[in-house]
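Step one of this worksheet: look at the structure below.
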Amino acid sequence: MQGKRIFIYDTTLRDGEQSPGAGMMPDEKLRLARQLEILGVDIIEAGFPVSSAGEFIAVRQIARKIRGCQIAAMTRARITDINRTWEAVREAADPRIHIILPASDILLQYQLRKSRQEIMEITKMSVAHARTYTDDIEFSPMDATRTDKDFLCRLLEAAIDAGAKTVNIADTVGYAIPTEFGELIRYVSANVKNIGDHILSVHCHDDLGLAVANTLAAVEQGVSQVKCTINGIGERAGNAALEEVVMTLKTRNDRFGVQMRIKTEQIYKTSQLLTEITGIPVQPNKAIVGANAFAHEAGIHQDGLLKDTRTYEIMTPQSAGAPENRFILGKHSGRHAIRSYIEKTGYLVNESQLDDITTRFKGMADHCKNISDAELDAIVKKK
Ligand SMILES: [Zn+2]
């Protein structure tokens, strides 16, 4: 791929782990981190070290052992939290401190009970403190999509002045819609005076099912870092799914014209490993990694695919490392697919036998949801 470089920041081990039931043991987090490294993500957010003793150990272990990508750890904007977070992540080959701070009036008024001015001061203080440890600081004003736009820009300017290298626009509550989110990114790019070559990032939630769409709208407006999780897991309805963001950028590179480091052939394996570790299955119709993502039942589609896969597949299953496309034989299937199945099993049939088998097959398909291979074999043998 040619064009602007997009950095993929994976937060499966932090935001993803906030999915109900997705808690992982330190060794499980390390196992997944190794696979994320093979997948080729640029940054792994390993966790939130102050949340528990076990989480601290998990982040430190990942920082020590994963050398092929940057390791980030998230912290609140407090001196003691930043100190402990740095302890957890400092041994990484390329460590990053990620500071989060509520920014919208709703959060300021009802959660923090602090003024905008106080938030501004905490931003400067926390970033400057983290900067004494490393120059790789990322700053995220939380709930940025419900934050006053001018205040948001002034906060980002203050964070950059204090030493933040990356600033992240978080749609923490999944409130934005794509056109609006794209406009916000454009506004921030134009109005943060010191943005220069600093990295602009986005973090989207899927409460309205728009996390991937919002992320892609931001890429169209020039952000260079996107945050996502495998299988889209995360707090509440989850985050932007890495597999969907990446495969869209790759499949529609004619529109996006960006470069990534991801080895897309590792996507399916990574998704399967996450399911194995968390026990949380992926819905069958999930894009890219669902069991039916490359399954075809419609007779017209099956006929086209047997002639040339480009007819009804915009990407190959192999490009995401997924199992080969599958033909589901059901009442929507046609003669061409049934013949293809029969020939694969080693039988030879003439046209009238094929007509007869197709008729009997459809008769059966009208009455049951799934026809097993054994039932189909029995119809063929009766030819
Ligand atoms: Zn989040």
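How much of the calculated P(r) for segment 226-268 lies past 15 Å, in percent of all Cα pairs? List each step's numbers first, then the result.
Working: 390 of 903 pairs.
Distances greater than 15 Å cover 43 percent of the Cα pairs.
In the Gaussian network model of the chain, springs joining C-alpha atoms below 10 Å, which of L36, L273, L156 carries the largest mean-square fluctuation?
L273
When the chain is modelled as a GNM with alpha-carbon springs shorter than 10 Å, which of I342, I122, I43 fluctuates the most?
Comparing I342, I122, I43 in the GNM, the peak value goes to I342.
Whole number please: convex hull volume per residue of the Cα set in segment 1-46, in Å³?
73
For a 22 Å ceiling on Cα separation, which of these pairs sit above it: K4/K227; K344/K381; K263/K286; K193/K250?
Pairs exceeding 22 Å: K193/K250.
What 222 nm value per residue comes from the helices of the chain, counting each DSSP H run with n ≥ 4 as -39,500 (n - 2.57) and dividing by all residues, nearest 500 deg cm²/dmol?
-13000 deg cm²/dmol
Over segment 223-361, what lengths in whole Å, largest first, do the semi-axes of the equivalent ellipsoid take, defined as the square roots of 5 times the eigenvalues of the alpha-carbon gyration tensor?
36, 17, 12
How far is it, in nm, from the label point at K344 to the one at Q111 when both lie 7 Å from their Cα along the line to the Cβ?
About 5.0 nm separates the two model spin labels.
For segment 197-232 and segment 104-176, what is the separation of their C-alpha centers, rounded to whole Å?
Using only Cα atoms to place each centre, the spacing works out to 18 Å.
For I314 and A190, what is the calculated FRET efficiency with R₀ set at 41 Å and r taken between the beta-carbons, to the nearest 0.05? Each step should come with its number before you reach the end.
Values: r = 34 Å, r/R0 = 0.83.
For R0 = 41 Å, the calculated efficiency reads 0.75.
Of the candidates A241, A46, A298, which one comes out as most mobile in a Gaussian network treatment of the chain with C-alpha springs shorter than 10 Å?
Ranking A241, A46, A298 by mean-square fluctuation puts A298 first.
Taking Rh as the Kirkwood radius computed over C-alpha pairs, what is the Stokes-Einstein D of segment 295-381 at 25 °C in a medium of viscosity 0.890 mPa s, expressed in µm² per second?
The estimated diffusion coefficient comes to 180 µm²/s.
With the crude spin-label approximation of a point 7 Å out along Cα→Cβ, what separation in nm comes out for E183 versus E220?
It is 1.4 nm.
Would you mind computing Rg(Cα) / (2.2 N^0.38 Å) for the chain, counting N as its residues? Before the final figure, lay out the partial values.
Numbers: Rg = 24.7 Å, N = 383, 2.2 N^0.38 = 21.1 Å.
This ratio for the chain stands at 1.17.
Could you tell me what a quarter of the Cα convex hull surface of segment 1-154 works out to, in nm² with one decimal place?
Details: hull surface 41.6 nm².
Seen from a random direction, the Cα hull of segment 1-154 projects 10.4 nm² on average.
Name the aspartates and glutamates eligible as straight-distance cross-link partners of K382: C-alpha to C-alpha under 16 Å, and not fewer than 8 places from it in the same chain.
E343, E351, D355, D356, D373
For the chain, with all protein chains present and a 1.4 Å probe, just round the carbon and sulfur fraction of the accessible area to a whole percent. Write down the numbers at each step before the final one.
Values: 8640 of 17140 Å².
Carbon plus sulfur share of accessible area: 50 percent.
To the nearest 20 Debye, how big is the dipole of segment 4-278 about its Cα centre, given +1 on the beta carbon of each Lys and Arg and -1 on that of each Asp and Glu?
Charge dipole of segment 4-278: 520 debye, to the nearest 20.
Could you give the length gained on full extension between K369 and A298, defined as 0.36 nm per residue of separation minus the Cα-Cα distance, in nm?
24.1 nm
Over the residues of segment 52-130, compute the C-alpha Rg and express it relative to 2.2 N^0.38 Å.
1.25
Tell me, what is the per residue accessible area of the chain in Å², probe radius 1.4 Å? Mind showing how you got there, number by number?
Details: 17140 Å² over 383 residues.
For the chain, the solvent-accessible area averages 45 Å² per residue.
Can you pull the one-decimal nm distance between simple spin-label points at I280 and A53, each 7 Å off the Cα toward Cβ?
Each label point lies 7 Å from its Cα, and together they span 2.7 nm.
The values are calculated or read from the model by the stated rules, or taken from the named source; none is laboratory data. Just so it is clear, the structure is predicted and the values come from calculations on it, not from any experiment. Neighbour counts are summed over all protein chains in view; Cβ atoms, including those assigned to glycine, are modelled from backbone coordinates with ideal geometry. These accessible areas exclude ligands, DNA and RNA; they are computed on the full protein's heavy atoms, side chains included. Shrake-Rupley method; radii C 1.70, N 1.55, O 1.52, S 1.80 Å.
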